[in-house]
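A.B. asks: Below is the structure I would like to discuss, written out as structure tokens.
The values are calculated or read from the model by the stated rules, or taken from the named source; none is laboratory data. Because the structure is a prediction, the values reported are computed rather than measured. Note: ideal-geometry Cβ built from the backbone for every residue, glycine included; neighbour counts use all protein chains shown.
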Amino acid sequence: MSNGIFFHNDCWNNGHNNHNNTFKSSNIILHLMFGINQKTKITKKLKNKTIYGGFWVRMLAGIIDFVILWVIYLILLFIPIFGWIIGLFASWLYFAVQHSSSKQATLGMRALDLKIADENLNKISFWRASGNYFVSYISGLILFIGFLMIAFTKRKQGLHNLVSRTVFLRAK
């Protein structure tokens, strides 16, 4: 091909095969299919060893967040009518706003050095964080199997993380 996509000198080394060709040709496929090339931020991040947040540390972070939310609910109970209405949105906003913030973590997650990211290890948007929050109810409704999946998947993702394409990361 004359356009240089498949027979580029960097990839095929002028027809001579070497061990780096497999890696380089897989980058060409990634670039053609998804617009990802070897020099992207994503590839650089994935070269480092990533440590995912496992089941028990995420459960402990969830317990901390649960206690914080109950304190908020108790305070809101003292505000007639409006406190109850605000309480309906408090949990959603607590998670969605903090997950999509620059810290990428709730208070419980920060206490345990966890953060949430998309599958490419980038910050998630408010809407993806909202989707993750609402889909987490499905993980609980099916006998908590969606949460138990965290212990058994390679990237420590529950059902709600798989659907919203997010991962939980541990600080190194």
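Here's the yes/no breakdown for (1) of a type in the set (Gly, Ala, Ser); (2) closer than 18 Å to Ala171 by Cα:
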| position | (1), (2) |
| --- | --- |
| Val97 | no, no |
| Ala111 | yes, yes |
| Ala117 | yes, yes |
| Ser125 | yes, no |
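A.B. asks: For residues that are under 14 Å from Gln157 (Cα atoms) and free of Cβ contacts under 8 Å to residues at least 40 places away in the same chain, scanning just the stretch 96-137, find the one that is surrounded by the fewest Cβ atoms within 10 Å (Cβ to Cβ).
C.D. replies: The extreme case among them is Val135.
A.B. asks: Condition test on Arg128, is it at pLDDT 95 or above and within 16 Å of Met59 (Cα to Cα)? Steps first, please.
C.D. replies: Numbers: at pLDDT 95 or above: yes; within 16 Å of Met59 (Cα to Cα): no.
Here the answer is no, as Arg128 does not meet what is asked.
A.B. asks: Determine, yes or no, whether Phe168 is in contact with a Gly (Cβ under 7 Å, 6 or more places away or on another chain) and of a type in the set (A, V, I, L, M, F, W, C).
C.D. replies: Details: in contact with a Gly (Cβ under 7 Å, 6 or more places away or on another chain): yes; of a type in the set (A, V, I, L, M, F, W, C): yes.
Yes: the conditions hold for Phe168.
A.B. asks: Evaluate the following for Leu107: is it assigned by TED's automatic domain parsing to the domain that holds Gln157 and either out of contact with any Leu (no Cβ under 8 Å at 6 or more places or on another chain) or at pLDDT 90 or above (or both)?
C.D. replies: Details: assigned by TED's automatic domain parsing to the domain that holds Gln157: yes; either out of contact with any Leu (no Cβ under 8 Å at 6 or more places or on another chain) or at pLDDT 90 or above (or both): yes.
When the stated conditions are applied, Leu107 passes them.
A.B. asks: Next question. Please tell me if Val167 is closer than 25 Å to Trp70 by Cβ and of a type in the set (Val, Ile, Thr). If you could, list the steps in order and put the result at the bottom.
C.D. replies: Details: closer than 25 Å to Trp70 by Cβ: no; of a type in the set (Val, Ile, Thr): yes.
So Val167 fails the test.
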